[in-house]
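Worksheet for the structure shown next.
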Amino acid sequence: DLKRHNRDVVDDLGSCDAVLFDLDDTLLDGEVAWQAGLARLLARCPAIEPAKARSAWDTAFQQYFPRFLSGELTYSEHQAARMRSWADLLSVAMPAGTELDWFGYYLAGYQAGWIAYPDVAPCLAALAGGGLRLGVITNGDSIQQRDKIAALALTDMFDVVVAAADIGEIGRAHV
């Protein structure tokens with residue numbers, strides 16, 4: 001029973017005062033969001049096989065997102081580079097200079113796919129009900145991460161939300 005489990009978890013926290021959460025793939029179902037984004041993008045090029053599109057998307061992400069996190073690329077530069085890489089890997093005809101427009105198609109679907117895992121709200125309510133302060137620490141873009149929290153209707157649940165860039169750092173948070 002989820003309610004009993006959540007109560008047990010709160011009881012086991014002892015002297016803990018706060019709990020920090022990652023956002024993507026912890027509170028937000030990233031797989032659903034990515035699939036929705038790719039579906040929107042593939043509507044522009046229906047001849048591309050979805051499995052190949054996903055593989056190319058993963059490759060482009062792995063190639064360029066770390067460069068954003070390290071500060072080598074800005075957020076929009078990494079978006080354009082990911083889109084160009086994806087198109088090149090799949091031989092999609094994408095005119096030069098339209099990468100951010102194409103990324104916008106992906107982003108619209110991705111945002112439409114922002115949903116929380118089903119156990120998030122009850123878990124947060126149980127923790128907050130047990131007197132714990134809650135926060136989010138994330139390495140994503142600060143504005144986008146806060147938009148995700150708002151879209152999930154979780155803004156009021158958190159005492160603090162910190163993206164690495166908020167504290168002068170770009171990169172994966174290490175706590």
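For the chain, what log10 I(q)/I(0) values come out of the Debye formula at q = 0.09 1/Å, with one point per alpha carbon and no solvent?
-0.38
Leaving out ligands and nucleic acids, note down the accessible area per residue over the stretch 47-145 with a 1.4 angstrom probe, in whole Å².
Accessible area per residue, the stretch 47-145: 47 Å².
Rounded to the nearest 20 Debye, what is the dipole magnitude of the chain about its Cα centre when Lys and Arg each give +1 and Asp and Glu each give -1 at the C-beta?
It works out to roughly 460 debye.
Tell me the carbon and sulfur percent of the accessible area for the stretch 47-175, rounded to whole percent, probe radius 1.4 Å.
56
At what distance in nm do the modelled label points of residue 88 and residue 159 sit from each other, each positioned 7 Å from its Cα along Cα→Cβ?
Here the answer is 4.7 nm between the modelled labels.
Note down the net charge around residue 97, summing +1 for each Lys or Arg and -1 for each Asp or Glu among other residues with Cβ under 14 Å from its Cβ.
That sum, taken over residues with Cβ under 14 Å, equals -2.
Is there a quick way to get the dipole size of the stretch 59-108? I mean about its Cα centre, with the Cβ of Lys and Arg at +1 and of Asp and Glu at -1; what is the value in debye to the nearest 20?
The dipole magnitude comes to about 100 debye.
Apply the Karplus parameterisation 6.51 cos²θ - 1.76 cosθ + 1.60, with θ equal to phi minus 60°, to every residue of the stretch 27-33 and state each ³J(HN,Hα) to the nearest whole Hz, in sequence, with x for glycine and proline.
Values, residue by residue: 9, 9, 7, x, 5, 4, 5 Hz.
How large is the helix-only mean residue ellipticity at 222 nm for the chain, computed as the sum of -39500 (n - 2.57) over DSSP H runs with n ≥ 4, divided by its residue count, in deg cm²/dmol to the nearest 500?
-17000 deg cm²/dmol
Quickly work out the residue 63-to-residue 17 label distance, labels modelled 7 Å from Cα along the C-beta direction, and quote it in nm with one decimal.
Placing both labels 7 Å along Cα→Cβ, they lie 4.7 nm apart.
Identify the GluC sites (Glu not before Pro) of the stretch 70-175 meeting these criteria: DSSP loop state and at most 12 other C-beta atoms within 10 Å of the C-beta.
Here the sparse-neighbourhood loop sites are 72.
The values are calculated or read from the model by the stated rules, or taken from the named source; none is laboratory data. Because the structure is a prediction, the values reported are computed rather than measured. Virtual Cβ from ideal backbone geometry, glycine too; neighbours counted across all protein chains shown. Ligands, DNA and RNA are stripped out before the accessible areas are found, and what is left, the full protein with its side chains, is counted by its heavy atoms. Shrake-Rupley method; radii C 1.70, N 1.55, O 1.52, S 1.80 Å.
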